[in-house]
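To keep things clear, I will list the structure first and then write my remarks on it.
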Amino acid sequence: MLLQKRAVFTVGLRMCSTHVTTGPVPDTRPSSDMSDFRRVFSKAKHIAIITGAGVSAESGVPTFRAENERWRKWQSQDLATPEAFSRNPSRVWEFYNYRREMALSKKPNAAHLAIAECEARLRKQGRSVVVITQCIDDLHRQAGSKRVLKIHGSVTETRCVSCGHMTVNRRSPICPALKDKGAPHLDVADAQIPVDKLPRCGESDCHGLLRPNVVFFGETLDSHILTKVEKEMETCDLCLVVGTSSIVYPAAMFGPRIASRGIPVAEFNTNTTPKTEYFTHHFQGPCGTTLPPALAQHESEV
Ligand code: BJW
Ligand code: ZN
């Protein structure tokens, strides 16, 4: 079983664009002993926290892959693709308008706050925390996290398909035609907004179509951000993997890659994932409950 897993892991690494290493796969089940994790945490100098949609679930932001998590009749992989956007930009903009308005209305939860508070506290001790997030919402930043690498982009940024110009845009509605559009219910019909009424580029004479500045399936991740992630993966001495199903690459291999260097990796999730067995620790439950005690100030820090 372990050998089989190691083979799958190696294939996963080969398919991604980042540096390839192989190493030992942990041969024991992950521990759920919080005192043991706290001992490791108290010694760690550079902590990498990889987050996915589950970290924002308790703020009310839907995740991607739970039962019935569809927008109208589609799943995210039907809409978050370059092909879907060029075929039907109105529908894809409605989908992102729904998620954008939702993200703008939500507040950080106890998990975001625990991560941000931990970063600020450890910085004063000469230790570091970096968040590597797949979330396109802004909740880590709103909670106060300073070092955040957003590997799948941001729903509050747009990019012009003609000139490539990127802008931060938190206006609501983003354009008049998308006002109140994007309701997720099955019986809602497409708004079929003409392409010239969708968000357009404001750069001089461009007027090109804007798209959300997010990484669709099949698109490559920003190489500058991946280089920074690479450095963090090589230098961290503790990793937390929080609220991700660990099935979307390349993020799915970040935790196992770090574990293969013999570094402790702790997963915080309401469920196990295909990567759980690579990790040293697994804490099952909502991360708004499990993370605050895990990251709280240690007696030795006082
Ligand atoms: C809680 C909780 C609580 C809930 N507390 N926990 C190698 C092998 C196979 C395929 C590929 C490969 N490399 C690339 C691919 C193709 C593809 C891919 O991975 N496909 C897989 C489905 C197999 N990857 C890509 O296309 C990537 N591009 C790339 O690698 O380019 C090079 C390349 C291309 C093609 C072939 C080979 C190389 C790009 C991926 C971009 C992903 N984009 C999206 C949309 C972004 C914009 C948007 O948000 O709309 O990113 S898809 C979607 O999934 C989104 C998420 O960031 C991402 C990950 O999801 P996440 O965050 O894990 O959420 P969920 O819902 O899946 O899980 C939530 C978890 O939380 C669950 O586990 C719950 O249990 C838990 N939970 N409540 C704690 N309270
Ligand atoms: Zn433009």
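For the stretch 208-228, residues that are more than 16 Å from ligand 2 (Cβ to nearest atom) and part of a loop (DSSP other than H, G, I, E, B) total 8. Within the stretch 136-147, the residues that satisfy the criterion of being under 23 Å from Ala44 (Cβ atoms) and either within 14 Å of ligand 1 (Cβ to nearest atom) or in a loop (DSSP other than H, G, I, E, B) (or both) are His140, Gly144, Ser145, Lys146, Arg147. Of the set (1) within 23 Å of the chain's Cα centre (by Cα); (2) farther than 20 Å from Lys228 by Cβ, all apply to Arg141 but (2). Residue pairs whose Cβ atoms lie under 8 Å apart, separated by 6 or more positions or on different chains, with the first residue in the stretch 212-238 and among the basic types (Lys, Arg) and the second not in a helix (DSSP H, G or I), are Lys228/Leu149.
Count of the stretch 153-196 residues, restricted to those that are within 22 Å of Arg141 (Cα to Cα), within 16 Å of ligand 2 (Cβ to nearest atom) and assigned to a loop (DSSP other than H, G, I, E, B), is 2.
I'd like the residue in the stretch 71-130 that is in a strand (DSSP E or B) and within 20 Å of the chain's Cα centre (by Cα) and, out of all such residues, is surrounded by the fewest Cβ atoms within 10 Å (Cβ to Cβ).
The first filter runs over the stretch 71-130 and keeps only residues in a strand (DSSP E or B), leaving 71, 74, 128-130.
Cutting the leftovers down to within 20 Å of the chain's Cα centre (by Cα) gives us 71, 128-130.
On the way: Trp71: 22, Ser128: 17, Val129: 25, Val130: 22.
The qualifying residue surrounded by the fewest Cβ atoms within 10 Å (Cβ to Cβ) is Ser128.
No value in this document is a laboratory result; all are computed from the given coordinates. Given the structure is predicted, the values throughout are model-derived calculations rather than measurements. Every residue, glycine among them, receives a Cβ derived from its backbone with ideal geometry; neighbour counts consider all protein chains shown.
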